[in-house]
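Report on the structure given below.
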Amino acid sequence: MVPLLIGISFITFLLMNLSPSDPAEVALRVNEITVTPEALVQMKEELGLNAPWYERYVLWLKGILHGDFGLSYATKTPVVQEITQALSITLLLALVTLVLIVCVGFGLGIVCALYEGSWSDKLIRFFVFVSTAMPSFWQGLLLVWLFSLHLNLLPTSGFVGLESMILPSLTLSLSYISTYARMMRNTMIETKEELFVLYAKARGLRESVINWHIINNALRPCIIALGMSIPKLIAGTVVVENIFGLSGIGRLCVHAIFSRDYPMIQAYVFLMACLFILFNLCADVFVRSLDPRLRKSL
């Protein structure tokens, strides 16, 4: 993990420094200060841009180790403070979405596999096809029209309580539910053809016990994929947070991009990379705990 994180931090910092925009000039314009040669020199000194890029990278890396990502060019406040405030909304949204994905997505996949070829299997696969074909922003607008404008049941934007998370989490989860329903169904159907299932039937085991073994074996690739999807889920809140007016980390990143707030963008990219690596590791550990054969291989 450590070499990966160092490599990602280096690439992130290098890409920001290859940008044609002058960070000092951007900081002046964002704060509505007239751009003059004297103001540019003063701003570069204030932001520490006079040193070579490799020295600034080493200082930035040392700051990361102490939890310091620098100051925002736009607001002059610590980047960590702004990310921490926005991250709570995003994590709550991701948590509710994850519960929906696991309960609904995995559940629909299991039902489809157990009743393969039935009308329920065909109906669920039709829903999966339709929800996959529709982009998330269009799904969000349809949900707002139905539940907020037409039925007047849920708020349209902002965070006023847990009810504000229902529509955003549903919008964010639909494409993932479709993906994991298909994955779970296909994996269970393939697992049904394994020799251990035939052997279990020959032993006369109950159908419920056999189905549990099939589900348990089919869960492993789905859990590994889910571990990689959690950071994608957090990073993918950009569109949903802007549609529903949630002040999460995705919306913060969009504002940082428009205002050329390089410290904020660097912190966001590095944080997403850390989440990808961390959740991938957690998924591997969890799968190893499920499969005794993997534990014995140690």
Matching residues in region 162-211 - criterion: being in contact with a Leu (Cβ under 7 Å, 6 or more places away or on another chain) and farther than 25 Å from ILE243 by Cβ: ASN211
Among (1) among the small types (Gly, Ala, Ser); (2) part of a helix (DSSP H, G or I); (3) free of Cβ contacts under 8 Å to residues at least 60 places away in the same chain, the one test that ALA267 misses: (3)
Residue list for region 66-100, filter: charged (D, E, K, R), touching a helix residue (DSSP H, G or I) at 6+ places or on another chain (Cβ under 8 Å) and not in a helix (DSSP H, G or I): ASP68
Unique residue being more than 26 Å from the chain's Cα centre (by Cα), buried (at least 19 other Cβ atoms within 10 Å of the Cβ) and either within 19 Å of SER136 (Cβ to Cβ) or in the same structural domain as ILE101 (by TED's automatic domain parsing) (or both) when the list is ILE210, ILE214, ILE234: ILE214
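Here is a yes/no grid of residues against (1) aliphatic (A, V, I, L, M); (2) within 18 Å of PHE129 (Cα to Cα); (3) touching a residue at least 24 places away in the same chain (Cβ under 8 Å); (4) part of a loop (DSSP other than H, G, I, E, B):
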{"residue": "SER157", "(1), (2), (3), (4)": "no, no, yes, yes"}
{"residue": "MET165", "(1), (2), (3), (4)": "yes, no, yes, no"}
{"residue": "PRO168", "(1), (2), (3), (4)": "no, no, yes, no"}
{"residue": "SER173", "(1), (2), (3), (4)": "no, yes, yes, no"}
{"residue": "ILE177", "(1), (2), (3), (4)": "yes, yes, yes, no"}
{"residue": "ILE189", "(1), (2), (3), (4)": "yes, no, yes, no"}
{"residue": "PHE196", "(1), (2), (3), (4)": "no, no, no, no"}
Pairs, first farther than 21 Å from LEU252 by Cα in region 59-77, second assigned to a helix (DSSP H, G or I) and of a type in the set (Gly, Ala, Ser), C-beta under 8 Å, six or more apart: LEU61/SER9
Search result, residues across region 241-264 that are assigned to a helix (DSSP H, G or I), closer than 22 Å to LEU92 by Cβ and over 12 Å from the mean Cα position of the chain (by Cα): GLU241, ASN242, ILE243, ARG251, LEU252, CYS253, VAL254, HIS255, ALA256, MET264
Qualifying residue in region 240-253 (condition: surrounded by fewer than 22 Cβ atoms within 10 Å (Cβ to Cβ), on the phi > 0 side of the Ramachandran plot and modelled with pLDDT under 85): yes
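The values are calculated or read from the model by the stated rules, or taken from the named source; none is laboratory data. The structure displayed is predicted, hence computed values, not measured ones. So basically every Cβ, Gly included, is an ideal-geometry build from the backbone, and we count neighbours across all protein chains shown.
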